1. Counting other C-beta atoms within 10 Å, which of Asp127, Asp7, Asp145 has the fewest, and how do the rest follow?
2. Which residue, Val137, Val108, Val15, has the most motion in a Gaussian network model of the chain that connects Cα atoms within less than 10 Å?
3. Per 5 Å bin, what is the whole-percent P(r) computed from every C-alpha pair distance within region 74-157?
4. Compare the Cα positions of Met47, Val142, Leu126 along the charge dipole of the chain (+1 at Cβ of Lys, Arg; -1 at Cβ of Asp, Glu; about the Cα centre) and return the one farthest towards the positive end.
5. With only alpha-carbon atoms counted, please give the Rg and Dmax of the chain, in Å.
6. Strictly over 29 Å apart at the Cα level, which of Lys27/Lys50; Lys55/Lys125; Lys105/Lys154; Lys55/Lys139 would you flag in this model?
7. Pop the C-beta distance of Thr113 and Gln76 into the FRET formula with R0 = 30 Å and round what comes out to the nearest 0.05.
8. State the dimensionless ratio Rg/Rh of region 1-92 (Rg: radius of gyration of Cα atoms; Rh: Kirkwood radius).
Amino acid sequence: MGTSFQDQLLKSGLVSKKQVKKTKHEKRAGRKKNKDKSSSPEINRAMQEKLAKEKLSRELNQQLNKEKQKLENLAQARQLIETNRLNLDDCDEQYYFAVGKKIKKLFVDEEITKKLSLGQLAIVKLDDGFEIVSARVAKQVVSRDHNALVVLHKPEK
């Protein structure tokens with residue numbers, strides 16, 4: 001293999017050693033500068049697109065996780081109500097309560113009416129109907145689904 005072009009110019013006396021060193025230094029400095037900058041705008045654009053896709057993906061995952069958590073909370077509230085509701089089959093006394101601007105009624109007995117007024121029992125919404133549960137269970141239900149609570153009187157001191 002032949003000698004480099006710089007060596008040939010040096011041997012012929014057209015350039016000095018000082019000039020050769022200077023050009024090598026400039027070349028090296030130019031390469032370092034280009035290394036810090038990205039090599040092309042397409043690569044920059046591709047990196048930006050990749051980062052944008054990752055950000056969008058993270059946001060979608062967060063939304064899906066929130067929705068999943070919300071559904072889990074609703075299922076837990078439903079299960080709490082179904083397992084702790086009182087049996088109202090033998091009750092014949094009417095208990096009226098307000099839901100928004102409408103007045104609803106449930107058939108309860110005298111003991112349940114008394115406990116409802118003292119705040120020991122609460123009325124919660126389950127699907128399109130209403131159920132009666134203990135105040136402790138009602139508070140657990142509210143922590144999972146704040147729209148489920150209909151009536152919970154504060155106990156008087």
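1. In increasing order of surrounding Cβ atoms, one gets Asp127, Asp7, Asp145.
2. Val15
3. Going from the shortest bin to the longest, the percentages are 3, 15, 28, 26, 19, 7, 1.
4. Met47
5. That works out to 38.9, 120 Å for Rg and Dmax.
6. Lys27/Lys50; Lys55/Lys125; Lys55/Lys139
7. On the way: r = 29 Å, r/R0 = 0.96.
Step by step, r from the Cβ atoms, then E = 0.55.
8. Numbers: Rg = 36.1 Å, Rh = 21.1 Å.
Here Rg/Rh amounts to 1.71.
No lab work stands behind these numbers, since they all come straight from the coordinates. Note that the coordinates shown come from a computational prediction; the quantities given were computed from them, not determined experimentally. Counting neighbours? That spans all protein chains shown, and the Cβs are built from the backbone with ideal geometry, glycine included.
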